[in-house]
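A.B. asks: One structure, pasted below without further comment.
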Amino acid sequence: MQRRKFLKGAALAGAGSIGVAASFPAPAIAQGMPEIKWRMASSFPKSLDTIFGAGEVVAKRVEAATDGKFQIRVFAGGEIVPGLQVLDAVQAGTVECGHTANYYYIGKDPTFAFDTAVPFGLNGRQQNAWMYHGGGRQLMNEFFKDYNCHAIPAGNTGAQMGGWFRKEIKTVQDLNGLKMRIGGFAGQVLTRLGLVPQQIAGGDIYPALEKGTIDAAEWVGPYDDEKLGFNKVAKYYYYPGWWEGGPQLSVMVNLEQWNKLPKAYQNVLEAACAEANVWMVAKYDAQNPAALRKLLSGGTQLRAFPRPVMEAALAAANELYAETAAKNAKFKKVYDSWVKFRDEQVLWWRIAENTFDNFMIAGSQKKKAPAKKG
Ligand code: CA
């Protein structure tokens, strides 16, 4: 340690006094690496410091790790590209990269949903397991080639809430005719139960709910939902968001831009995205409890979806997957791998994770209401 400090000091002194910097090699990355400036279109509004912030985490780390040579400027949804058209902009090369939830693009192909979340799918940890070690990244990047993109996981919200409803949902029939902002594939599941789904970007949900254009809306969870003010226009806050057990965001890179990026920069970008993937879920986990407390003290009413509603949705989801797989070979290829992986995960999670979590949760309830002695 001492020796290294001394050598570093000598190198700096030498470079300064003799003026022959070349005889003391500069850090490899700063030497001969090109200056690259990219634009990243985010699907999210700047006000959401966690979901939008994950894109900034990527940009800042890339810039710092390349000594400022590789710069990525992040633009909020709507600044240069509408929030729900980020993929199109990356595919066309309007921007070099984007930060988005790929299930926004299921209108092009439902296979997109696997990159983010599929109803009754994986939780956040399981999503990472499938992506990094279960073949998910390979399968999805093979699929994304048709859209001229390379995808890198870069954020997760953890299990989401089920959203904000003006009226209580007591039976499956209560969903009939309900206009709801809901993300991704879940809309197609709920259509089968009579719900009318709307795909609306994060920044535009509040006005729609306030005006009554929609009756209900889901976004993420307490921390974001409180910031967006949904509690001011709807009273009942449902859980769980069974359509998003662990939705992942991705940095989508235009394939030509990715291929011509120096290997070192590709590695830095991959590492920065992996950091954002951890950073984002950690930030939500840390911030959600206080936000939920604030919502509840402001009059929000928590409600669990009734079991028959969840069961009807699960049956509708399985029906939808079977029908989609029968007519879409790309979907089937990913689904077959994914569903096998999910079922294995569920078996394993019954043992250690579930038992531990349930024990802790039961314990915390006891703390609130101590059992009488004797
Ligand atoms: Ca959501």
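The values are calculated or read from the model by the stated rules, or taken from the named source; none is laboratory data. This one's a predicted model, so the numbers in the text were calculated from it and none came from an experiment. Cβ: placed from backbone, ideal geometry, glycine included. Neighbour counts: every protein chain shown.
A.B. asks: From the list Lys283, Lys227, exactly one residue is of a type in the set (Lys, Arg) and within 16 Å of the ligand (Cβ to nearest atom). Which is it?
C.D. replies: Only one candidate passes the filter, namely Lys227.
A.B. asks: Scan the stretch 176-204 for residues that are over 24 Å from Glu323 (Cβ atoms) and either in contact with a Pro (Cβ under 6 Å, 6 or more places away or on another chain) or at pLDDT below 95 (or both) and jot them down.
C.D. replies: The answer is Ile200, Ala201, Gly202, Gly203, Asp204.
A.B. asks: Touching a residue at least 24 places away in the same chain (Cβ under 8 Å) and closer than 17 Å to Ile36 by Cα, is that true of Leu302?
C.D. replies: Values: touching a residue at least 24 places away in the same chain (Cβ under 8 Å): yes; closer than 17 Å to Ile36 by Cα: no.
No: the conditions fail for Leu302.
A.B. asks: Still on this model: Can Ala234 be described as modelled with pLDDT under 95 and away from the ligand (no atom under 11 Å from the Cβ)? Before the answer, list the steps.
C.D. replies: On the way: modelled with pLDDT under 95: no; away from the ligand (no atom under 11 Å from the Cβ): yes.
For Ala234, the condition - modelled with pLDDT under 95 and away from the ligand (no atom under 11 Å from the Cβ) - is not met.
A.B. asks: Restricting the search to the stretch 53-81, which residues are on the phi < 0 side of the Ramachandran plot and either part of a loop (DSSP other than H, G, I, E, B) or of a type in the set (D, E, K, R) (or both)? Spell out the reasoning first.
C.D. replies: Of all residues in the stretch 53-81, those on the phi < 0 side of the Ramachandran plot come to 53-66, 69-77, 79-81.
Passing the criteria: Glu56, Lys60, Arg61, Glu63, Thr66, Lys69, Arg73, Ala76, Gly77, Glu79, Ile80, Val81.
A.B. asks: May I pose another question? Looking at the structure I just gave you, is Tyr321 within 16 Å of the ligand (Cβ to nearest atom), closer than 29 Å to Gln85 by Cα and part of a helix (DSSP H, G or I)? It would help to see each step written out before you state the result.
C.D. replies: Details: within 16 Å of the ligand (Cβ to nearest atom): no; closer than 29 Å to Gln85 by Cα: yes; part of a helix (DSSP H, G or I): yes.
Criteria not met by Tyr321.
A.B. asks: Hey, among the residues in the stretch 129-163 that are of a type in the set (Gly, Ala, Ser) and away from the ligand (no atom under 16 Å from the Cβ), which one's surrounded by the most Cβ atoms within 10 Å (Cβ to Cβ)?
C.D. replies: Only one residue tops the list, namely Ala154.
A.B. asks: Take residues that are within 24 Å of Thr213 (Cβ to Cβ) and tell me which of the strands (runs of 3 or more DSSP E) falling wholly in the stretch 85-178 contain 2 or more.
C.D. replies: Details: elements: 97-100, 149-156, 163-165.
So the answer is 163-165.
A.B. asks: Quick check on my filter: what residues within the stretch 241-280 are within 16 Å of the ligand (Cβ to nearest atom) and part of a loop (DSSP other than H, G, I, E, B)? Walk me through it before giving the result.
C.D. replies: To start, the set of residues in the stretch 241-280 that are within 16 Å of the ligand (Cβ to nearest atom) comprises 241-250, 280.
Those that are within 16 Å of the ligand (Cβ to nearest atom) and part of a loop (DSSP other than H, G, I, E, B): Gly241, Trp242, Trp243, Glu244, Gly245, Gly246, Pro247.
A.B. asks: Follow-up question, since we're still on this one. I'm checking my understanding of the structure. Among residues of the stretch 205-224 that are under 19 Å from Leu48 (Cβ atoms) and among the small types (Gly, Ala, Ser), which one is farthest from the ligand (Cβ to nearest atom)?
C.D. replies: Ranking the qualifying residues of the stretch 205-224, first place goes to Ala208.
A.B. asks: Considering the stretch 175-202 alone, what residues qualify as being more than 14 Å from the ligand (Cβ to nearest atom) and touching a residue at least 24 places away in the same chain (Cβ under 8 Å)?
C.D. replies: Leu175, Leu178, Lys179, Gln188, Arg192, Leu193 - these are the residues of the stretch 175-202 that are more than 14 Å from the ligand (Cβ to nearest atom) and touching a residue at least 24 places away in the same chain (Cβ under 8 Å).
A.B. asks: Sticking with this structure for a sec: Which condition does Gln266 not pass, out of (1) out of contact with any helix residue (DSSP H, G or I) (no Cβ under 8 Å at 6 or more places or on another chain); (2) within 30 Å of Lys37 (Cα to Cα); (3) not β-branched (Val, Ile, Thr), if it passes all the others?
C.D. replies: All conditions are met except number (1).
A.B. asks: Kindly provide the set of residues from the stretch 77-91 that are more than 14 Å from Val251 (Cβ to Cβ), touching a residue at least 60 places away in the same chain (Cβ under 8 Å) and hydrophobic (A, V, I, L, M, F, W, C), ordered by number.
C.D. replies: Passing the criteria: only Leu84.
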